[in-house]
Every structure is written in C-alpha cells, then in structure tokens.
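Engineer: Below you'll find the structure I mean.
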Amino acid sequence: MRNVPLGPTGLTVPNVVAGMMRIDDKTDAEVRALYDAARGAGIDFFDHADIYARSLHSAEKRFAEALDLSAAERGEIRLQTKAGIVREGPYFDFSYEHLVSSVEASLRALQTDYVDVLLLHRPDALVEPAEVARAFDHLESTGKVRAFGVSNHTPRQIDLLRTAVRQPLVANQVQLSIAHAPLVTQGLAANMESTPQSSVLDGGGLVEYCRINGITLQAWSPLQGTRGNGGVFLGHPEYAELNAVIDELAEKYDVTPLAIAVAWITRHPADMQVVLGTTTAGRLADAAAGSDLRLTRAEWYALVRAAGYIVP
C-alpha cells in the first residue's frame, strides 16, 4: 500500500480509503470482516458522513457498535466524516451551529473523542466564511477535529473559504474515475474549438489548483461511469472498448480489473486517494493491488482514449 501526503499536515495516509456509506444494514461480523480486510491490505483510513445510509449518523453508529474499538486501536486508524448537507431539507448549512452540532453527533455515533478529518460536504451557496472559520476554530481548540477539508468544491469556492478560515484545507473529495474524468481531461483538449471536452466548467483547473495549494484530492465513485444508468463501468457493455483495455492490462499485471481502475487514479502525480465504497471484503484487497501499480504513460493515456475522451 502506497502512502501519500495528507495536504500540508505532515501526515501520510494510504492512497486507498475504505468508504463506509453502505454498512448500516450489515451485521457485526460483516462490518468486522470489512474492517479486518482493510487493515490487512494496509488501509487504515475510513470515510464517513453524517447523512450516509438510512438515517442521520446510522453508518457511523453501525461502524462503532460493530467494531467496539479499544482506545489503542482507535489511535491506529484515521476517521474522516462530513457535515453540511441537511438531507431532510433538502439544503446545505455551513452555519456555526449546524457544523458544530453535526460533528458532536458524529462523535457520539462513532464513540470517539475526535475525528481526524472533517470535510464540508458539498458547497453551501449561502456560506459565510466567518461562520465556517468560527466553527473550525471551536472544533480544533476543543480537540474534536484535527484537520479540515472540503468535498466537491471548486477552486474559487475554496478561495472564498480561505478568506476567513485559518486552518489549512487538507483535502477535496471529488467524483473521479476513468469513465468520469472531466477534471482531468478538460485540460487535454485545451484550445480545441467546438470540442465539448475542452469546455472549462467551474471545476476547471481544480486538479492543478489542488496540487499548487497542497490539497489532497480524494476520488469518490472511482468505478462509476456516465453512460446507461450511470452505474459501474467494469464489465458494462456500454464500455466495451474501455473494458477491453482494462482486461488486457489486468492480464499483463496479473491483477483484477478493479486494481487497474484504481491504478489509473493513483498513477496521477497529484497523489490522490481513492475512496472505495465497497462492502465486499475481497474487493479491498483487489483495490490495494492497484495502489502500488504504476501504469506507463502509454497505458494511462490508452485508458483515457478507450473511455471516449480525446487525446490529441
């Protein structure tokens, strides 16, 4: 398992993360098996959010109840959670009161005194940076949160937060896969007239922005495509050309196609983390096999082209 820097914290973290979004209907034994598989593969970073699963904080609660971690074992892992979405609204809330109360509820659910990382979960158009700064200062000074970041934020949204927030924003969790890669492929088609791929959206330049500012990118839905029902692209007939290249590389490197999907993301020099939301223990080991697999430039670009993107 290859480790990468977590923003400017000085900490290193695995470049594959175990996402806990779908565990609240799992038994204690199933959650423990998933956790043990992650630890066995070198993954000690677990991703949560207050809104994940059936009810508020239910996945966090399931994680804690099933594992019943000792204080020593808790110290061996990193727990990341998110706040800011009011699912029942539906709307977003980055107010001091909401962020602090959400984190405190997450701590109770996770049965821990602190989380290692808190992410602001999707942008709040009504954000007041001073409110966020006050919440972060309180959560840091009380020892409840050790590092802060964002999710699905554009460069200018991050800049706006930084007008008031004094803590470094260590991570930005964004959707990225071989088959959903506008953040990476927009730049490949720069200055190509009438090419949709070259259109600069609000997230344009985000990868470069995060590299310049020492923000770790975390890729969510690393197996999700955009065609058909927008589900997993591995083995999907609408991605026949992409899967043919993936299967060829999997055979060459003696790994599973899942490992190649992971390796495409981890090959990028931005040192990204891949957030894998599986509840199947064996897939964590498959993903970990892609952690250290360094695709050649030709192989990486062949996957981009096979996914339907322009490589001039």
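Engineer: For all pairs of alpha-carbon atoms in segment 56-135, what percent lies in each bin of width 5 Å, listed from the first bin to the last filled one?
Structural biologist: For segment 56-135, the pair-distance distribution reads 3, 15, 25, 23, 15, 10, 6, 2, 0.
Engineer: Taking the C-alpha atoms of the chain, how large are the radius of gyration and the largest Cα-Cα span, Dmax, in Å?
Structural biologist: My reading of the Cα-based Rg and Dmax gives 19.1, 58 Å.
Engineer: Starting from the exponent 0.38 and prefactor 2.2 Å, build the expected Rg for segment 75-226 from its residue count and divide its actual Cα Rg by it. Working shown, then result.
Structural biologist: Details: Rg = 16.6 Å, N = 152, 2.2 N^0.38 = 14.8 Å.
For segment 75-226, the normalised Cα radius of gyration comes out at 1.12.
Engineer: Going by C-beta contacts inside 10 Å, put T296, T81, T154 in order with the fewest on the left.
Structural biologist: Working: T296 10, T81 28, T154 19.
Ascending number of Cβ neighbours within 10 Å: T296, T154, T81.
Engineer: Also: Mind sorting K82, K61 by how few other Cβ atoms lie within 10 Å of their own Cβ, fewest first?
Structural biologist: On the way: K82 25, K61 19.
If I rank by nearby Cβ atoms, fewest first, I get K61, K82.
Engineer: Based on DSSP H runs of at least 4 residues, each adding -39500 (n - 2.57), what is the mean residue ellipticity at 222 nm of the chain after dividing by all its residues, to the nearest 500 deg cm²/dmol? Write down the numbers at each step before the final one.
Structural biologist: Details: 12 runs with 119 residues, N = 312.
One gets -11000 deg cm²/dmol as the mean residue ellipticity at 222 nm.
Engineer: Here's something else I'd like to know. Quick one, can you get me the convex hull of the C-alpha atoms of segment 228-312 expressed as volume per residue in Å³?
Structural biologist: Working: hull volume 9.2 nm³, N = 85.
Spelled out: Cα convex hull of segment 228-312, divided by residues, is 108 Å³.
Engineer: Something else about it: Restrict the search to segment 130-191; then list the trypsin sites (Lys or Arg not before Pro) that DSSP places in a loop and that have at most 10 other Cβ atoms within 10 Å of their Cβ.
Structural biologist: Values: sites: R134, K144, R146, R156, R162, R166; in loops: K144, R146, R166.
Passing sites in segment 130-191 are R166.
Engineer: Then there's this: Can you list the residues of segment 275-300 with backbone N under 15 Å from a point 7 Å past the Cα of E248, pointing along Cα to Cβ?
Structural biologist: Only 296-300 pass the distance filter.
Engineer: Multiply the residue gap between D28 and R87 by 0.36 nm, knock off their C-alpha separation, and tell me the result in nm, one decimal place. Display every interim value, and only then the final one.
Structural biologist: Numbers: separation 59, 0.36 × 59 = 21.24 nm, distance 2.65 nm.
Length difference between fully extended and current span is 18.6 nm.
Engineer: How far is the Cα center of segment 158-185 from the Cα center of segment 117-157, in Å?
Structural biologist: 12 Å
Engineer: Then there is this: Over the Cα atoms of segment 1-158, how large are the radius of gyration and the largest Cα-Cα distance (Dmax), in Å?
Structural biologist: Taking only Cα atoms of segment 1-158, I get Rg and Dmax of 15.3, 44 Å.
Engineer: Moving to a separate point now. Using Cα pairs closer than 8 Å and at least 6 residues apart in sequence, work out the relative contact order for segment 73-117, in percent. Each step should come with its number before you reach the end.
Structural biologist: Values: 30 pairs, mean separation 21.3, N = 45.
Over segment 73-117, the number comes to 47 percent.
Engineer: If you don't mind, another one. Which of H138, H98 has the fewest other C-beta atoms within 10 Å, and how do the rest follow up to the most? Before the final figure, lay out each step's value.
Structural biologist: Details: H138 15, H98 19.
In order of increasing Cβ crowding within 10 Å: H138, H98.
Engineer: Additional query: Need one number: convex hull volume per residue for segment 1-89, Cα atoms only, in Å³.
Structural biologist: On the way: hull volume 9.0 nm³, N = 89.
Cα convex hull per residue, to the nearest whole number: 101 Å³.
Engineer: In addition: Round to a whole angstrom and tell me the spacing of the C-alpha centers of segment 233-308 and segment 1-48.
Structural biologist: So the separation of the two Cα centres works out to 19 Å.
Any read-out appearing in this document is the output of simple, stated calculations on the displayed coordinates, not a laboratory observation. Not measured: the values here are computed from a predicted model. Don't worry about glycine lacking a Cβ; one is built from the backbone with ideal geometry, like all the others, and counts go over all protein chains shown.
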